[in-house]
Amino acid sequence: PYTDPGTGAALEAGWGMRPGVLKGVGTHARAGGRPIAGIRSAVVVSHGRGASRILTSGLAEELASHGHLVAAVDHTYDAAAVRFPDGRLVLGALPAEPDDWDAQDRLEVAVRAADLRCVADALCRRGRPLAGVPVQRVGLLGHSLGGAAAAEALRTDRRFVAGLDLDGGLFGTTVPETGLDRPFLLLTSSPDHETWARWRARHRHWGRHLHLTGGGHLSATDVPALADAAGLRERWPEPLYGEYLGTIAPHRAATVTRACATAFFDRFLLGLHRPLLDAPGPRHPELRFLWARGA
């Protein structure tokens, strides 16, 4: 299933979706599957503020199909809802308008980075690793505030070998001041942001900043594909709808995002060179190269 009824209802209510729409969403995954022999890489995924891990399910499935173990995190009290194994449903409790956004960002990113390190502990532990797979190389992927958390976790924990930020301003982390010393990819719907510019000036390893032309803040998630069924055009006011969903067709946003993510993690987790990230190409005309470091 795409999600459980309680989590789905919380997302629908919090995000202004048509009630019950998530019940009808199918997946290409199955429960109880066993990892193929030989998997040694994992990607840990961090969702956006107030969102849910389920909203990056399509991207997680794509990465899994390339041979990566994918561990998608629900950040408790941050996610719209978290369903625990004992059946408890814990709803999000973040302030909508904190008095001090800088302090709140630092707090939330620090907690998220600790969550990601906790998952890395489970992935890399000896004896009984998560999902029974002895992982040797771990990458990070985050959307929105999850992108900042991915950058902070990469900065503070050397077990993570590469990070991908999907349209996340680098708030709540010192990465814009320190840069990073491992591969990092930005794929954004906005042409630029001052935190990205400061990071670029200090980054010390392979890096790319790519712009998805016509993209919106949620273009890297499943939301554009769900928008019509969820009635978002009628339920979300303009310019909010345009800001979050952009003008690019949902299938093109998914195609470009998945191509970039798989090329990045195939290269830095599996050692397989993918030319997509070397230079612009005709197969992905929506992709603009804004900045590059390293070959």
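The values are calculated or read from the model by the stated rules, or taken from the named source; none is laboratory data. Here the structure is a predicted model, which is why all the values come from computation and not from measurement. As a convention, Cβ positions derive from the backbone with ideal geometry for all residues, glycine included, and neighbour counts pool all protein chains shown.
Matching residues to (1) more than 21 Å from Thr56 (Cα to Cα); (2) not basic (Lys, Arg):
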{"residue": "Ser219", "(1), (2)": "no, yes"}
{"residue": "Asp228", "(1), (2)": "no, yes"}
{"residue": "Arg235", "(1), (2)": "yes, no"}
{"residue": "Pro239", "(1), (2)": "yes, yes"}
{"residue": "Thr247", "(1), (2)": "no, yes"}
{"residue": "Leu270", "(1), (2)": "yes, yes"}
{"residue": "Pro275", "(1), (2)": "yes, yes"}
{"residue": "Ala279", "(1), (2)": "yes, yes"}
Cβ pairs under 7 Å, 6+ apart, first in segment 213-230 and assigned to a helix (DSSP H, G or I), second surrounded by fewer than 24 Cβ atoms within 10 Å (Cβ to Cβ) and of a type in the set (D, E, K, R): Ala227/Arg233; Ala230/Arg18
For Leu123: the one exception among (1) assigned to a helix (DSSP H, G or I); (2) more than 14 Å from the chain's Cα centre (by Cα); (3) modelled with pLDDT of 95 or more: (3)
Extreme residue, farthest from Gly216 (Cα to Cα), among residues of segment 252-272 that are of a type in the set (A, V, I, L, M) and surrounded by 23 or more Cβ atoms within 10 Å (Cβ to Cβ): Leu269
Matching residues, segment 129-156, being farther than 24 Å from Ser52 by Cβ and either small (Gly, Ala, Ser) or out of contact with any strand residue (DSSP E or B) (no Cβ under 6 Å at 6 or more places or on another chain) (or both): Pro129, Gly132, Pro134, Gln136, Arg155, Thr156
Unique residue being farther than 25 Å from Leu11 by Cβ, out of contact with any Pro (no Cβ under 9 Å at 6 or more places or on another chain) and part of a loop (DSSP other than H, G, I, E, B) when the list is Leu185, Leu180: Leu180
Answer residue from segment 1-19, given it is part of a loop (DSSP other than H, G, I, E, B) and in contact (Cβ under 8 Å) with a residue 12 or more places away in the chain and is farthest from Ala150 (Cα to Cα) among those: Arg18
